Amino acid sequence: GVATLSRGPEPGPIARLRSRPATIVEPKLLPPALGDGHVARPELCAHLEALCRRRLTLITALAGFGKTRLVLEWLGTTARDPVAWVSLDADDVDPVRRWSHIAAAVARADGEPAESGAYGPAEISARLLNRLAQRARGMVIVLDDHHAVPAPVRAHDRPAYSTVHSYPRISTTAATVN
């Protein structure tokens, strides 16, 4: 007889995602500076302060209308819980990259190094959720340029995002273009 070697099916996209770590791009985790020419908007900051008591706040406006500056100004108005900042971009359509940066921002806000290792998006979000569940105090997670990740891609994150929003001490603020 003839011997054949069967390799089996090619690994699917999820299996390939699990086999590589995401490289953390540190500047994505740093809030930008307000810069010169900032126009203070205390009324909007007060409104945002009232809204931040909710678990999810979505700030939408046209490009260039100052959403990021508003969030930065609001964060500087009062003493608050630690802030985990992530500036999203087009490369964050990759769920491993997106969740790795969110997890790294949370670790940074806690003054700890980001976890390293080759995890898939489900493992990364599960580790993040476990970390958030163990928090004794609150945290503000800011997702700037949320529109950079298209809605159909974000739909796959819905279970993890929903769980993050279920923690009473965690609030998420997302700035996006409408």
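The values are calculated or read from the model by the stated rules, or taken from the named source; none is laboratory data. In this text, all values refer to a predicted model and were calculated from it rather than measured experimentally. Neighbour counts run over all protein chains shown; Cβ positions are idealised from the backbone, glycine included. Each accessible area value is taken on the protein alone, full model and side chains, heavy atoms only, with ligands, DNA and RNA left out. Shrake-Rupley method; radii C 1.70, N 1.55, O 1.52, S 1.80 Å.
Things to note:
- If you go through segment 96-133 and keep only what is in contact (Cβ under 8 Å) with a residue 40 or more places away in the chain and in a loop (DSSP other than H, G, I, E, B), you end up with A114, S116, G117, A118, Y119, G120.
- Test result for S6, under 22 Å from the mean Cα position of the chain (by Cα), surrounded by fewer than 15 Cβ atoms within 10 Å (Cβ to Cβ), small (G, A, S) and modelled with pLDDT under 80: no
- Yes/no for E49 being at pLDDT 90 or above and out of contact with any Asp or Glu (no Cβ under 9 Å at 6 or more places or on another chain): no
- In segment 13-43, of all residues being basic (K, R) and modelled with pLDDT of 80 or more, the one that is surrounded by the most Cβ atoms within 10 Å (Cβ to Cβ) corresponds to K28.
- Checklist (1) exposed (fewer than 10 other Cβ atoms within 10 Å of the Cβ); (2) over 16 Å from V142 (Cβ atoms) applied to R53, failing item: (2)
- Of the numbered criteria (1) closer than 22 Å to L34 by Cβ; (2) open to solvent by less than 70 Å² (accessible area, probe 1.4 Å); (3) over 13 Å from the mean Cα position of the chain (by Cα); (4) modelled with pLDDT of 85 or more, the one V83 fails is (3).
- Members of segment 59-80 found to be surrounded by 14 or more Cβ atoms within 10 Å (Cβ to Cβ) and aliphatic (A, V, I, L, M), listed by number: I59, L70, V71, L72, L75
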